[in-house]
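Student: Below is the structure I would like to discuss, written out as structure tokens.
The values are calculated or read from the model by the stated rules, or taken from the named source; none is laboratory data. This is a predicted model, so every value here is computed, not measured. No Cβ is skipped: glycine too gets one built from the backbone with ideal geometry, and neighbour counts run over all protein chains shown.
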Amino acid sequence: MVIHSLSGLPAFAAYFATAVAFCILYLVVYMRITPHDEYDLIVKEHNASAALALGLSLVGFAIALASAILHSVNILDCIIWGIVALVVQIIAYYLARLAHPQISEAIRQNAMASALWLGFVSVAAGILSAVCMSP
């Protein structure tokens, strides 16, 4: 009975490893495209706005990635839709920045409203892309 229950463990491990790798890739890409240095702001300056914006952005990506995992037929399909989710989140960042051109400077100054705006745009994009991935 236990052996039968664990038969899905290899698939779980493959999808989980893919998800973790995608989250790391997302953070690397996201932190390279933003003009502000999230790492320094969060780790060295304890900037709550940077942490909130980055964290909510990651949540938005994870929501879409979860949908990609749920609706994929295999790992390759998951990877393709994971890339789509990543691209959607990058577009969401630029759209949020289009509406608030000084958003990076505001986050550097620890402006919570700007961080919330960016974070919620990211979460909304993640929810919408997740729903659009379902058949």
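Student: Identify, by number, the condition in (1) surrounded by 15 or more Cβ atoms within 10 Å (Cβ to Cβ); (2) within 25 Å of V131 (Cβ to Cβ) that A51 doesn't meet.
Tutor: With respect to (1) surrounded by 15 or more Cβ atoms within 10 Å (Cβ to Cβ); (2) within 25 Å of V131 (Cβ to Cβ), A51 is out only on (2).
Student: Which one is nearest to I69 (Cα to Cα) among residues in region 84-100 that are β-branched (V, I, T) and in contact (Cβ under 8 Å) with a residue 24 or more places away in the chain?
Tutor: V84
Student: Among the residues of region 21-41, write down those that are surrounded by 19 or more Cβ atoms within 10 Å (Cβ to Cβ), of a type in the set (A, V, I, L, M, F, W, C) and in contact with a Leu (Cβ under 8 Å, 6 or more places away or on another chain).
Tutor: F22
Student: Follow-up question, since we're still on this one. Restricting attention to region 87-101, does a residue exist that is small (G, A, S), within 30 Å of P10 (Cβ to Cβ) and modelled with pLDDT of 95 or more?
Tutor: Checking region 87-101: not a single residue is small (G, A, S), within 30 Å of P10 (Cβ to Cβ) and modelled with pLDDT of 95 or more.
Residue-by-condition table, conditions (1) aromatic (F, W, Y); (2) free of Cβ contacts under 8 Å to residues at least 12 places away in the same chain:
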| residue | (1), (2) |
| --- | --- |
| L27 | no, no |
| Y30 | yes, no |
| E38 | no, no |
| I42 | no, no |
| H46 | no, yes |
| S49 | no, no |
| L58 | no, no |
| F61 | yes, no |
| A64 | no, no |
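Residues are listed down the side, and each one gets a yes or a no for (1) modelled with pLDDT of 95 or more; (2) at positive phi:
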{"residue": "A21", "(1), (2)": "yes, no"}
{"residue": "H46", "(1), (2)": "yes, yes"}
{"residue": "A68", "(1), (2)": "yes, no"}
{"residue": "V73", "(1), (2)": "no, no"}
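Student: Which residues, taken from region 101-118, are touching a helix residue (DSSP H, G or I) at 6+ places or on another chain (Cβ under 7 Å) and either crowded, with 22+ Cβ neighbours inside 10 Å or free of Cβ contacts under 8 Å to residues at least 24 places away in the same chain (or both)?
Tutor: Residues satisfying the conditions are I103, I107, S114, A115, W117, L118.
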